[in-house]
Structures are given as structure tokens and as C-alpha cells.
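Asker: Structure incoming, see below.
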Amino acid sequence: MNKLTLIATAALMLAGPSASFAQEPTAPPVMVSAGKCSKLVVAGKDVTKQCKNEVASAPLPGGVVMFIFTQGKGLVGFTGDATKLAGDKKTGVAAVPVLEVSVRSGKEPKVIAAKSGLCKFSDPYSGRPAIVTCTAETAQGTYTGWFKSNGKPPKAR
């Protein structure tokens, strides 16, 4: 199985419901990778200094996946449509279009529709550093997150 097929299969398994989930109401875990957050922009404002050195991915209903960057006590989530997964077989980098951005700094997240956007990611189980880069243009400005893992597999939370 080539890198891209492996990444695509993993992303779709995480994002899509399976027979075992239909029998048990528990959601799959959020997977968290440690590494370096090298850029975080929220509504056009650079908040990289507040970015925690981890990124999370969470499967959501309907073939959707969310990549979550932590900013201080808040979160910035990029929701991507995993049913429209595309990738590059040579590099092993896959991409999903961004549907919306969720910003949480209090109790309720603020959900902002994306005019355009893309999250790119590589296989976090390859034994090499993986990347997650997300960018979205919204009515409230640009949202961007860049992350590179430490090469260790993500942990469930």
C-alpha cells in the first residue's frame, strides 16, 4: 500500500462511521500529535507565540475531520471535508477542503464559514515528522495553522 493510500484510508476511517460505531455510541478518540507549531494566525492576527506545540485531529459525523490548534486557553479548529480527500502520491501529503473554522475562547465556539481553504497533512504513523497545515479565508479574515510533529505517533485523548 503506497503512502497516499495509507493516509487516505486512515483519514476516511477516522472521519467516517463504521459498523462498530453504529453498535456502540462512543465516539472515536481525538488524536493528539506533539511537535512544533510554527505559525498560527487568527482573523488575520499573528498569535504564533500563543500556539501550543501540539495539534489534534478529530473525526466528526458525515465524513468530516477537524484539525485543532491550541492558542493559550482557546482553540482554533479547521473543519475539512474528508469525502473530498485528494493527495500527492510522490510526497504522501493529502489535502481536504476547509468548510469552516471554529474558534473557542469561552464556553461556546464561534463557527465561521470558509470562503476557501485547505488543510494538508501527512501520515503521523510513518516514523518521520508529519505536517499539518491549514489555511482558510473567511469574512472575518485569514486563519492559518502550521505544525510539524516530532515523528512520534499521535496519542488518543
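Asker: With labels modelled as points extended 7 Å from the Cα through the Cβ direction, what inter-label distance (nm, one decimal) is found for ARG128 paired with VAL47?
Answerer: So the label points at ARG128 and VAL47 sit 3.3 nm apart.
Asker: Which value in nm describes the separation of the simple spin-label points at ASN150 and LEU60, placed 7 Å from the Cα toward the beta carbon?
Answerer: 2.9
Asker: DSSP loop trypsin sites (Lys or Arg not before Pro) in the range 53-98 with at most 14 other Cβ atoms within 10 Å of their Cβ, which ones?
Answerer: In loop regions of the range 53-98 (DSSP not H, G, I, E or B), the sparsely surrounded trypsin sites (Lys or Arg not before Pro) are LYS73, LYS89, LYS90.
Asker: Something else now. Return the distance in nm (one decimal) between the two label points of a simple spin-label model at ARG157 and VAL30, each offset 7 Å from Cα along Cα→Cβ.
Answerer: In this crude label model, ARG157 to VAL30 measures out at 0.6 nm.
Asker: Then there's this: Could you work out how far the C-alpha centroid of the range 26-53 sits from that of the range 106-148, in angstrom?
Answerer: Centre-to-centre distance over Cα atoms comes out at 8 Å.
Each reported figure results from applying straightforward, stated rules to the coordinates on display, with no laboratory input. Remember, it's a predicted structure, so these values are computed and weren't measured experimentally. All Cβ positions, glycine included, derive from the backbone under ideal geometry; neighbour counts span all protein chains shown.
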